[in-house]
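To keep things clear, I will list the structure first and then write my remarks on it.
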Amino acid sequence: MRIPYYEVDAFTNRTFSGNPAGVCVLKEWLPDAMLQNIAAENGLSETAFLTRKDDFFELRWFTPVVEVDLCGHATLASAFVLFSELGHHGERVQFQTRSGRLTASRRGGGVELDFPSRPPAPCSCPQELADGLHSQPQAVLKSRDYMAVYESEAAVAALAPDMGLLARLACLGVIVTAPGKEAGFVSRFFAPRVGVPEDPVTGSAHCSLIPYWAKRLGKTELFARQLSRRGGELHCRDAGERVIIGGEAVIYCKGEVEVRVEG
């Protein structure tokens with residue numbers, strides 16, 4: 001079986017930056033073990049798999065070791081492929097996912113994602129978190145992920161976490177964040193527990209970052225940067241129970257994945 005495959009750099013307008021995502025376009029679902037094997041072989045933080053169902057697409061995301069409940073950059077990449085490569089003529093596309101119905105819309109040369117808001121709640125700082133970050137945050141909050149808040153962009157950029165300690169935490173990942181110099185806020189994201197030591201740009205983390213920073217800064221429109229080695233930029237809007245996450249994308253490569261399906 002040959003599966004159309006695209007690799008897309010998301011949340012950037014230039015190749016070799018942003019977050020690379022694999023996008024596999026299926027005619028029908030393959031066994032879960034095969035999807036996981038493809039994601040592991042790709043070795044990217046996420047590979048997206050989508051298949052058309054009437055007027056929407058079913059969409060799933062896999063890290064190299066596990067299926068996840070929500071992924072921003074691979075959703076943006078999937079929408080970008082549909083709009084730019086596969087002739088989707090509408091101004092928006094809908095995906096059915098483990099996190100419900102998600103919408104992606106064309107915006108200029110980029111894509112806007114309509115995602116659920118996941119406001120984090122203040123909590124105590126687990127010892128593994130402080131030890132794993134080698135630094136005591138100003139504040140700690142939690143939603144799906146732990147979120148550690150620091151005083152400055154420089155403090156976030158300087159962190160060199162112990163991934164083994166962070167992997168012990170009972171969460172998918174760890175967000176670290178601070179006010180930005182040229183952006184409203186900056187962040188980094190670590191998820192060693194699911195095979196992603198540092199994610200280059202993390203759309204799903206912004207489901208928690210946006211409501212936090214919108215409230216703290218008194219703004220609904222926010223520009224954000226993720227301070228990974230590759231870097232990425234996100235245009236954010238707080239919309240109450242939803243968040244809008246916008247960004248650009250570029251195709252890095254396209255071709256086919258060839259697999260053998262027993263049956």
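So here's what we get for this one:
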| quantity | calculated |
| --- | --- |
| Hey, residue 168 under 20 Å from the mean Cα position of the chain (by Cα) and of a type in the set (Lys, Arg) or not | no |
| Unique residue being out of contact with any Cys (no Cβ under 7 Å at 6 or more places or on another chain) and either at positive phi or modelled with pLDDT of 95 or more (or both) when the list is 88, 73 | 73 |
| Any chance residue 156 is more than 25 Å from residue 13 (Cβ to Cβ) and buried (at least 20 other Cβ atoms within 10 Å of the Cβ) | no |
| Residue check for residue 139: over 15 Å from the mean Cα position of the chain (by Cα), within 20 Å of residue 69 (Cα to Cα) and surrounded by fewer than 17 Cβ atoms within 10 Å (Cβ to Cβ) | no |
| Subset tally (residues that are without any contact (Cβ under 8 Å) to a residue 40 or more places away in the chain and in a helix (DSSP H, G or I)) for segment 196-213 | 1 |
| Lone qualifier among 82, 30, 76, 35 - being outside any helix (DSSP H, G or I) and either surrounded by 15 or more Cβ atoms within 10 Å (Cβ to Cβ) or among the acidic types (Asp, Glu) (or both) | 30 |
| Close pairs from segment 54-65: first assigned by TED's automatic domain parsing to the domain that holds residue 79 and closer than 16 Å to residue 77 by Cα, partner among the acidic types (Asp, Glu) and assigned to a strand (DSSP E or B), Cβ under 9 Å, at least 6 apart | 60/67; 61/46; 61/67; 62/46; 63/46 |
| Qualifying residue in segment 167-184 (condition: at pLDDT below 95 and assigned to a loop (DSSP other than H, G, I, E, B)) | yes |
| Exclusive hit being part of a loop (DSSP other than H, G, I, E, B), of a type in the set (A, V, I, L, M, F, W, C) and modelled with pLDDT of 95 or more, set 129, 141, 44 | 44 |
| Residues of segment 1-27 that turn out to be surrounded by fewer than 22 Cβ atoms within 10 Å (Cβ to Cβ) and either under 13 Å from the mean Cα position of the chain (by Cα) or touching a residue at least 60 places away in the same chain (Cβ under 8 Å) (or both), as a count | 12 |
| Qualifying residue in segment 86-93 (condition: under 20 Å from residue 235 (Cβ atoms) and assigned to a strand (DSSP E or B)) | yes |
| Contacts under 9 angstrom Cβ, first residue in segment 83-101 being over 20 Å from residue 246 (Cβ atoms), partner of a type in the set (Val, Ile, Thr) and part of a strand (DSSP E or B), 6 or more apart | 86/25; 98/68 |
| Sole residue being of a type in the set (Lys, Arg), touching a Phe, Trp or Tyr at 6+ places or on another chain (Cβ under 9 Å) and in contact (Cβ under 8 Å) with a residue 24 or more places away in the chain, chosen from 216, 168, 193, 230 | 230 |
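Each row is one residue, and each column tells you yes or no for (1) under 27 Å from residue 22 (Cβ atoms); (2) surrounded by fewer than 24 Cβ atoms within 10 Å (Cβ to Cβ); (3) touching a helix residue (DSSP H, G or I) at 6+ places or on another chain (Cβ under 7 Å); (4) in the same structural domain as residue 104 (by TED's automatic domain parsing).
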site: 187; (1), (2), (3), (4): yes, no, yes, no
site: 191; (1), (2), (3), (4): yes, no, no, no
site: 196; (1), (2), (3), (4): yes, yes, no, no
site: 200; (1), (2), (3), (4): yes, no, no, no
site: 209; (1), (2), (3), (4): yes, no, no, no
site: 217; (1), (2), (3), (4): no, yes, no, no
site: 222; (1), (2), (3), (4): no, yes, yes, no
site: 226; (1), (2), (3), (4): yes, no, no, no
site: 230; (1), (2), (3), (4): yes, yes, no, no
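The values are calculated or read from the model by the stated rules, or taken from the named source; none is laboratory data. As the structure is a prediction and not an experimental result, all values here were calculated from the model. Because the Cβ atoms are built from the backbone with ideal geometry, glycine has one as well, and the counts that use them run over all protein chains shown.
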